[in-house]
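Below: one structure, written as structure tokens.
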Amino acid sequence: MTNEVRPPQPGKRRLLRMILLLSALVTSPLLCYGAILMADLLPSSLLPSGLDFFVNLFEARAEVQNRTGETLYVTAITTTYGRPMVISQNIAFRQRDIPLQPNTSVVLTYDSADLPLSGIAVCRVGDDCRLLVVNGTGRYSVDSVETLSRLDPGWLAAIRSHPLYNDRAVQALALSLLPILLLFASWYVGRLERQIAG
């Protein structure tokens, strides 16, 4: 007696295909959420004209230039809620300690309505962190770290307690692919059905 593996009956394959199609339809808002999240992660300059207004309505920018000969790590900080908080960035999914190579610049973004910029922490490797004072121009340069004042310990604690990477964005982007995978699975089951029938 041989154990023969039989493909599912045609009715069961159709039912499976319908379940996969309905699941893809039900989860399709996740795809829209992923698209909005990707648009939010993109710099305003890469978005089509007019779309950046809706995606980043209150977004403000602070460009920090490193004129020193060493790599620095910058973090945007707000004190709007009475205590120092990191303003999360999404530069390569890093939220804080954004690496800034010598003679380069980086643009930090923040919500000017809810999380206005209170200062920019400039750190070397280790806990040698200084404060780059906000001047309201949106352009900042670091010529020498030693000339900056030392960072308040509360600010340093806020930076160290904040996650380095934005894992939630990665998870949300992965979840937004679920409708596409379900649609592909439905197509594959239909293709198998046609091969068996033919």
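The values are calculated or read from the model by the stated rules, or taken from the named source; none is laboratory data. As the structure is a computational prediction, the values presented were derived from the model and not from experiment. Every residue, glycine as well, gets a Cβ built from its backbone with ideal geometry; the counts of neighbours run over all protein chains shown. Remember, those area values only see protein heavy atoms, side chains included, never the ligands or the DNA or RNA. Shrake-Rupley method; radii C 1.70, N 1.55, O 1.52, S 1.80 Å.
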>> Once you compute Rg and the Kirkwood Rh from C-alpha atoms, what is the Rg to Rh ratio for the stretch 58-165?
In response: 0.92
>> Sort 109-116, 147-154 by packing, meaning the average of other beta carbons within 10 Å per residue, with the highest value first.
In response: 109-116, 147-154
> Using r as the Cβ-Cβ distance of W187 and K12, and R0 as 25 Å, what FRET efficiency do you calculate, to the nearest 0.05?
Replying inline: 0.90
> Considering only protein heavy atoms, what per residue accessible area in square angstrom results for the stretch 58-165 with a 1.4 angstrom probe?
Replying inline: 50
> Summing +1 for each Lys or Arg and -1 for each Asp or Glu, what net charge is found among the other residues whose Cβ lies under 10 Å from the Cβ of L164?
Replying inline: +1
> Once you sort the root eigenvalues of the Cα gyration tensor of the stretch 129-198 as a ≥ b ≥ c, which label holds: rounded (a/c under 1.5), prolate (a/b larger than b/c) or oblate (the other case)?
Replying inline: prolate
